[in-house]
Structure formats: C-alpha cells, structure tokens
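Before any comments, here is the structure.
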Amino acid sequence: MRKAFSTGQLAAGASPVLVAIEDDLSPRQRERCGGSCVLPLSAALPDGTRRVLMGKATLPAIRMGLAAPFEGFVEVGPDCLSGEHCRCLSVSRAGGMLLSLLTASAYRLDILTLFCEALPARFPPVTKEKVSAIETCLGEAISNAIIHGNLAIGSEMRATREGLLRMGAVIEDRLADPRFGQRRLEIQASASSVDSIRIAVSDQGGGYNVEAVRAKVADIDAKCGRGLGIIRDNACSVSCMDGGRTLVLGF
C-alpha cells in the first residue's frame, strides 16, 4: 500500500492558493483537487498572495513555479494531488519553496539543476559556495529517494556487473508501473535562520533502518552505499524523519 505524506503542519499562516496552468486539469482533476481552491493561471490575485503553481511537469512549468511570485510547483497526476498536498501547503505557509513530482517525472527531468538555480534568489544566505555543496548533497538525496525509495530497488544491484546491466531495465519497468512511477517525490526548502537553510527530500517508499545506515562509514572504493556518507561530508547537518522516508539537510 502506498504511504501518504505526513499532514503535520510545519508552520502556521495563510494557506496558499493553488494556481493551475490552463488546460492542464480535467474537470475530474479539478473536482479531486477541491474545485474552489484551484484558480486558473490568468486569475488576478492580491499582492502578497502565496501561490503554488500546478500542472503537467515540464521544465518551463517547473522553472516558472520555482520563481516569484510562486512558492513552488506541484505536478498533477492521474488522481490530481492524490491527497498529498497538505505538506506542500504547509511548506508554502512557512515562506519556503517546494517541488512535488511523480517519480517518473522526477527521474526524467533535470530537477536538480532547476531547484539549485532557484535557491539564491529566494534565500539570500545561499552563496555560490553553498550552492555547490547543496547540489552535491541534493543530487545524492534525490537519487536515493527515487531509486531506493519510490522504485524500491536495492543498492546491492549496483554491486555487480550483472546487476548494473539489469538495472536500467528494472528502472524502466518500475517507472511504467503506477504502483511505483506514480509515487511522489517532494523537495522542500525553507530558511532555518538568518544565515542557513533547511532542505528536505521526501519519498513514499518503505523507509529504512535509519540508525543502521547512520552507523556505516563511507568507503570511497565501494560500488554502492556511499550516498549518505557523501551527504554527511558536505552538509552542515543531516537528520531523518518518517522512518527514513524524509532526509533533512542543513546548510
């Protein structure tokens, strides 16, 4: 059974408006999204209104959603938001930036570059030096969330030549399977202080034994299992939530 994101509130404040790209939502999807809370992109809104762009996942649409006046971008899936938008809205309430995509889109699009490019404009503490560290950590976190989390492919497959040869086919098969490809990946960024930010990467996989993974020491010669060690070496802080389904990074 697919696990839903936590609906716990990250911060209090005004709820953002979901703004849909024209023609991206069918009447059924609009109904499942809540109808009245979804406005067309052309709708006039008061200055200062928090808004989240939603629609089909394309690079131009995601880039638009990650730039002002929007707080982020949410991909519309076959079941619209599949009930997962509570976390998205709470991140926006806190003045953060979010990206919520189905796994298939997250795997095929260069979301790492788009997200990192958008950070300095929204979070002044993010310098060029920090962007480099963030990009290194976020790349590992996104890869782990997609492959090991949502697609449920173990790292041991990359440990052998035969496994590596099979891995591409396994990935494509699972991306085409709605049980895996329609799970969500979310990236959330928010200011944690005047000179630091927090970035959380969430998946809908089965989670993992957080303490066991923390205890491992990164082996530079290993063919797999180095991701968390690389992240620890480049982030100021690393913690896990949701039974290993959310990785929280501080910079």
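Regarding region 34-52, can at least one residue be identified that is in contact with a Phe, Trp or Tyr (Cβ under 7 Å, 6 or more places away or on another chain), part of a strand (DSSP E or B) and modelled with pLDDT of 90 or more? Even if it seems obvious, please write down each step before you answer.
Going residue by residue through region 34-52, those that are in contact with a Phe, Trp or Tyr (Cβ under 7 Å, 6 or more places away or on another chain) are 51-52.
Remaining after also requiring part of a strand (DSSP E or B): 51-52.
The next check asks that each one be modelled with pLDDT of 90 or more; those that pass are none.
The answer is no; no qualifying residue exists.
The set of residues from region 99-152 being touching a strand residue (DSSP E or B) at 6+ places or on another chain (Cβ under 8 Å) and hydroxyl-bearing (Ser, Thr, Tyr) comprises SER100, THR103, SER105. Annotation note: Cβ proximity below 9 Å between a residue of region 128-143 that is without any contact (Cβ under 8 Å) to a residue 12 or more places away in the chain and a residue that is part of a helix (DSSP H, G or I) and surrounded by fewer than 17 Cβ atoms within 10 Å (Cβ to Cβ) (sequence gap 6+ or interchain) occurs for LYS128/PRO120. Among the residues of region 67-89, those identified as of a type outside the set (A, V, I, L, M) and modelled with pLDDT of 70 or more are PRO69, PHE70, GLU71, GLY72, PHE73, GLU75, GLY77, PRO78, ASP79, CYS80.
Taking region 39-69 only, how many residues are hydrophobic (A, V, I, L, M, F, W, C) and at positive phi? Spell out how you get there, then give the answer.
Here is the first cut: in region 39-69, the ones hydrophobic (A, V, I, L, M, F, W, C) are 39, 41, 43-45, 52-54, 57, 59, 61-62, 64, 66-68.
Narrowing further to those that are at positive phi: none.
Number of matching residues: 0.
Return yes when ARG63 is surrounded by 12 or more Cβ atoms within 10 Å (Cβ to Cβ) and basic (Lys, Arg) and no when it is not. It is true that ARG63 is surrounded by 12 or more Cβ atoms within 10 Å (Cβ to Cβ) and basic (Lys, Arg). Of the listed requirements (1) among the charged types (D, E, K, R); (2) crowded, with 19+ Cβ neighbours inside 10 Å; (3) at pLDDT below 90, ARG183 misses just one: (3). I need the full set of residues from region 53-66 which are within 17 Å of ALA121 (Cα to Cα) and either at pLDDT below 95 or not in a loop (DSSP other than H, G, I, E, B) (or both), in order please. Within region 53-66, ILE62, ARG63, MET64, GLY65 qualify.
Name the one entry in ALA191, ALA169 that is assigned to a helix (DSSP H, G or I) and either buried (at least 20 other Cβ atoms within 10 Å of the Cβ) or modelled with pLDDT of 85 or more (or both).
Numbers: ALA191 fails: assigned to a helix (DSSP H, G or I).
Sole residue among the options that is assigned to a helix (DSSP H, G or I) and either buried (at least 20 other Cβ atoms within 10 Å of the Cβ) or modelled with pLDDT of 85 or more (or both): ALA169.
Restricting the first member to region 228-251 and to residues that are in contact (Cβ under 8 Å) with a residue 40 or more places away in the chain, and the second to residues that are assigned to a loop (DSSP other than H, G, I, E, B) and aromatic (Phe, Trp, Tyr), the beta-carbon pairs closer than 7 Å and six or more apart or on different chains are ALA235/PHE251; CYS236/PHE251.
Just to be sure, is ARG158 touching a residue at least 60 places away in the same chain (Cβ under 8 Å) and assigned to a helix (DSSP H, G or I)? Break it down into steps so the answer makes sense when it comes.
Details: touching a residue at least 60 places away in the same chain (Cβ under 8 Å): yes; assigned to a helix (DSSP H, G or I): yes.
Yes; evaluated as a whole, the condition is true for this residue.
Candidates in region 194-205 are the residues that are at pLDDT 90 or above and of a type outside the set (Val, Ile, Thr); of these, the one that is surrounded by the fewest Cβ atoms within 10 Å (Cβ to Cβ) is SER196.
The values are calculated or read from the model by the stated rules, or taken from the named source; none is laboratory data. Small disclaimer: the values here were computed from a predicted structure and weren't measured. Methodologically, a virtual Cβ is constructed for each residue, glycine included, from the backbone with ideal geometry; neighbour enumeration extends over all protein chains shown.
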